[in-house]
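Enquirer: Just passing along the structure, written as structure tokens.
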Amino acid sequence: MCGIAGFFSASSVDRDRSHEILGDMLETIHHRGPDGRGQHIDAQRGVVMGHTRLSINDLAGGCQPIFSPDKKIVLTNNGEFYDFKRYRSTLMAEGDRFSTKSDSEIAIGLYRKMGLEFTEHLRGEFAVALYDSEKDELILVRDRFGIRPLFFSVQNDTLIYGSEVKAVLAHPSVDPQLEPTAVLHQLMQTIVPGSSAFKDVHALEPGHLMRIRRNNGSLQIETHKYWDLDFPFEEDRPKKVDADEHIERIRDELIRAIVFRLEADVPVGCYLSGGIDSCCILGLATGAMQSAVKAFTISFDHDDYDEASIAREMAESMEADQEMIHLAAEDLYGDNFVKTVWFAERSFYNTLGVAKYLMSKRVNECGYKTVITGEGSDELFGGYPAFKRDMFLHGMSHETDEVRAEYQAALEKSNKLFKGAILADDQRNHPAWDALCGFTPSWIQPWMDTLDIARPLLSDGLKEELSDYDPIGAIAEGVDGDMLEGRHPLDRAQYTWSKCQLEGQILNWGGDRVDMANSMESRPAFLDHHVAQAAVDVPPSLRIKGNIEKWVLREAVRGVLPEVLYKREKFAFMAPPAHTDQAKKARVEALIDQFLNTKTVGDAGLLDPGRVTDFLDGWRNDTDAVSLTRKDTLLNHLLCVQILHHHFVSGAA
């Protein structure tokens, strides 16, 4: 795991100045790779590539950039390629030679052999920059789910890229400004695929590669999709379902993915919550290692949100070495909140992101550089409450209205605590989503509710500028409708969530960005693309069977789960919101005084000071649980937007 940054110009560059600029870019992402730093500058060709290293494999000899034997190809990589030893053996048998023992070097051999089709054989989490001097082109590649970040900006005749936005903003050609439309998206939580919070800075989308070539003094840029989460057409699914076959396939692929992710030249631990996903990761990892695994668990100071007791039971059953991190109001707010915004570079609706930041800090303090995590399971196996709601409403034509109503009532009751943030209290529709999916997915409906109270808080100037902008429609436009045509309603719900929320939220402030803030690599085994292929082949009726979400996964890993967890319904992993106790309210008030006071809001020019004050008064006096939950999420967003401006625009950081 590392960080990459650089730029590619249509004309030659000044070597000394480029060295200085690249140094500034790499310094902003030093946390991603404190163990080493390398660079390659070909001033005549306008190629500037840099790398910060977190040493996981080949501790002594895996420094980057890495060059092909003939020096015609240069590579920097942020991430891990799994099954790399098999590829090294195959490539060596065909005459290739390697200068390191690093997993990253196989990308050069595969590229030389297969050209751009080398992406088909890259298994893992990665963001790659590869320069081919013979073709005089730079290739940027991002992994299939967007586990590793990669941003870029095109300024005149130069493309600038980096693992984090802050590296791109460190280039003097990029003006650090928040994008007006993005401000609205940050306030309502859900962003347009491929976007960032910053003007002229974009994310290379998951499963995509970009080719940048020089052409008569200008850059020619092409983007190609090399992979997607491709659910089968409903009409092509087998009419006869063999549940055991799917259970065995899921088990086999998941075990293989975990075993690959245990490969490292440093110790590997596990994140452990009270959910099925992380518990089965720990259980299967323990079986593979045949020894105690280090497990890291968050405990919250509110019983309704704390899963530590189940995690403790799981750790004891596996004889794991469990590290429990106890978090309270003073941990989740204040300076830790502000730091988390800096690393995430986007807003978050819940302080779970802060909690994950603090957990990765503890992992680092315990001497660990990498952990296996459970992200992606809900996306692949229909785990979220919103998926169940869509399944009940749109995907169970074989069930009677009475049965579906019974399921729906049970869902609403079990998720009452999260209503307003996870599930909307009333059904919402939007024409763009109805046209795209045949219905408006339940996962986006709470954010439509948030948008209703967020848009009026914009400053008059920004509200006028965005008066004709439809953020919900813009998100829908960013989704490839061809991947939804002819698919089951549950497939459509899962696909759209994965394209909009997984990369932009779960894998950001819930994953890479807060993990790498403390130089710690997370490895989400469920997001191995072989596991994903097995999951999309599972019929919807086995992903959500009756009223049981993730049924096929439960059966596949039943032997390692405590009975209470095997039978337990999905419980949203969230930190206790601010309204749940006076200590948190007091800590939030301190952040409000600092970032949402009238002068600070007015100076930033993004929000209207008077309307923000009215909103805060309403939040303080509200007593309705659903309304408060929604206002808590927006309050976090308001703080985050102001802190983003503070960090990156006003120059106050």
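The values are calculated or read from the model by the stated rules, or taken from the named source; none is laboratory data. As the structure is a computational prediction, the values presented were derived from the model and not from experiment. Reconstructed Cβ throughout: ideal geometry from the backbone, glycine too, with neighbour counts over all protein chains shown. Accessible surface is based on the protein model in full, side chains and every heavy atom, while ligands, DNA and RNA are left aside. Shrake-Rupley method; radii C 1.70, N 1.55, O 1.52, S 1.80 Å.
Enquirer: Based on what the data block shows, is Arg123 within 29 Å of Val514 (Cβ to Cβ) and either open to solvent by 10 Å² or more (accessible area, probe 1.4 Å) or at pLDDT below 95 (or both)?
Expert: yes
Enquirer: On to the next question. Looking for whichever is part of a loop (DSSP other than H, G, I, E, B), more than 30 Å from Ala355 (Cα to Cα) and either in contact with a strand residue (DSSP E or B) (Cβ under 7 Å, 6 or more places away or on another chain) or open to solvent by 50 Å² or more (accessible area, probe 1.4 Å) (or both) here; the options are Val241, Val266. Which one fits?
Expert: Val241
Enquirer: Taking the criterion of being crowded, with 21+ Cβ neighbours inside 10 Å and either modelled with pLDDT under 95 or in contact with an Asp or Glu (Cβ under 7 Å, 6 or more places away or on another chain) (or both), would at least one residue in region 37-46 satisfy it?
Expert: So far as region 37-46 goes, no, none of its residues is crowded, with 21+ Cβ neighbours inside 10 Å and either modelled with pLDDT under 95 or in contact with an Asp or Glu (Cβ under 7 Å, 6 or more places away or on another chain) (or both).
Enquirer: Taking Ser360 and the conditions (1) outside any helix (DSSP H, G or I); (2) crowded, with 22+ Cβ neighbours inside 10 Å, which numbered condition does it fall short on, given that it satisfies the others?
Expert: Ser360 satisfies all of (1) outside any helix (DSSP H, G or I); (2) crowded, with 22+ Cβ neighbours inside 10 Å except (1).
Enquirer: Mind checking whether some residue in region 202-211 is small (Gly, Ala, Ser) and under 24 Å from Asp528 (Cα atoms)?
Expert: Yes; the residues of region 202-211 include at least one that is small (Gly, Ala, Ser) and under 24 Å from Asp528 (Cα atoms).
Enquirer: Oh, and also: Considering region 162-212 alone, what residues qualify as being among the β-branched types (Val, Ile, Thr), closer than 19 Å to Ser467 by Cα and in contact with a Phe, Trp or Tyr (Cβ under 9 Å, 6 or more places away or on another chain)?
Expert: Selection gives Thr181, Thr190.
Enquirer: Could you count how many residues in region 110-120 are surrounded by 17 or more Cβ atoms within 10 Å (Cβ to Cβ) and of a type in the set (Lys, Arg)?
Expert: Residues in region 110-120 being surrounded by 17 or more Cβ atoms within 10 Å (Cβ to Cβ) and of a type in the set (Lys, Arg): 1 in total.
Enquirer: Mind checking which residues of region 586-644 are among the acidic types (Asp, Glu), modelled with pLDDT of 95 or more and either over 24 Å from Ala424 (Cβ atoms) or open to solvent by less than 30 Å² (accessible area, probe 1.4 Å) (or both)?
Expert: Glu589, Asp593, Asp603, Asp608, Asp617, listed by residue number.
Enquirer: Mind checking whether some residue in region 431-447 is of a type in the set (D, E, K, R) and modelled with pLDDT of 95 or more?
Expert: Yes.
Enquirer: Of the residues Val183, Val141, Val168, Val128, which single one is open to solvent by less than 10 Å² (accessible area, probe 1.4 Å) and under 21 Å from Ile475 (Cα atoms)?
Expert: It is Val183.
Enquirer: Sort out which residues of region 295-340 are in a helix (DSSP H, G or I), open to solvent by 10 Å² or more (accessible area, probe 1.4 Å) and closer than 26 Å to His637 by Cα, and write them in order of number.
Expert: Result: Glu330, Asp331, Asp335, Asn336, Val338, Lys339.
Enquirer: Which one of these does Gly217 not meet: (1) open to solvent by 20 Å² or more (accessible area, probe 1.4 Å); (2) of a type outside the set (Ser, Thr, Tyr); (3) more than 19 Å from Gln642 (Cβ to Cβ); (4) within 21 Å of the chain's Cα centre (by Cα)?
Expert: Only one criterion is unmet by Gly217, namely (4).
Enquirer: Which numbered condition in (1) modelled with pLDDT of 90 or more; (2) buried (at least 17 other Cβ atoms within 10 Å of the Cβ); (3) not acidic (Asp, Glu) is the only one that Phe573 fails?
Expert: Every condition holds for Phe573 apart from (1).
Enquirer: Scan region 477-486 and tell me whether some residue there is surrounded by 22 or more Cβ atoms within 10 Å (Cβ to Cβ) and at pLDDT 95 or above.
Expert: no
Enquirer: Sticking with this one: Would you check which residues across region 88-109 are open to solvent by less than 30 Å² (accessible area, probe 1.4 Å) and over 23 Å from Pro149 (Cβ atoms) and list them?
Expert: Of everything in region 88-109, those that are open to solvent by less than 30 Å² (accessible area, probe 1.4 Å) and over 23 Å from Pro149 (Cβ atoms) turn out to be Leu91, Thr100, Gly109.
Results for (1) at pLDDT 95 or above; (2) assigned to a helix (DSSP H, G or I); (3) surrounded by fewer than 19 Cβ atoms within 10 Å (Cβ to Cβ), shown as yes or no for each residue.
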| residue | (1), (2), (3) |
| --- | --- |
| Asp24 | yes, yes, yes |
| Met49 | yes, no, no |
| Gly61 | no, no, yes |
| Val74 | yes, no, no |
| Arg86 | no, yes, yes |
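Enquirer: Do any residues in region 161-181 that are farther than 20 Å from Leu130 by Cβ and in contact (Cβ under 8 Å) with a residue 24 or more places away in the chain have Cβ atoms under 7 Å from those of residues that are open to solvent by 30 Å² or more (accessible area, probe 1.4 Å) and aliphatic (A, V, I, L, M), where the two are at least six apart or on different chains, and which pairs are they?
Expert: Going by the 7 Å Cβ cut-off, the qualifying pairs are Pro176/Val649; Gln177/Val649; Leu178/Val649.
Enquirer: Let me ask another. Among all residue pairs at least 6 apart or on different chains, which show Cβ distances below 6 Å where the first residue, located in region 214-230, is touching a residue at least 24 places away in the same chain (Cβ under 8 Å) and the second is among the hydroxyl-bearing types (Ser, Thr, Tyr) and open to solvent by less than 50 Å² (accessible area, probe 1.4 Å)?
Expert: These pairs meet every condition: Tyr226/Thr119; Leu229/Tyr495; Leu229/Ser498.
Enquirer: Which of the residues that make up region 523-555 are open to solvent by less than 10 Å² (accessible area, probe 1.4 Å), farther than 16 Å from Ala243 by Cα and either free of Cβ contacts under 8 Å to residues at least 60 places away in the same chain or not in a loop (DSSP other than H, G, I, E, B) (or both)?
Expert: Scanning region 523-555 gives Arg523, Pro524, Ala525, Phe526, Leu527, Val531, Ala532.
Enquirer: Of all residues in region 392-405, count the ones that are part of a helix (DSSP H, G or I), under 18 Å from Ser442 (Cβ atoms) and of a type outside the set (Phe, Trp, Tyr).
Expert: So the answer is 4.
Enquirer: On to the next question. Pairs needed: first member in region 613-626, more than 26 Å from Lys413 (Cβ to Cβ); second member anywhere, open to solvent by 70 Å² or more (accessible area, probe 1.4 Å); C-beta distance under 9 Å; at least 6 residues apart or different chains.
Expert: These pairs meet every condition: Thr613/Thr598.
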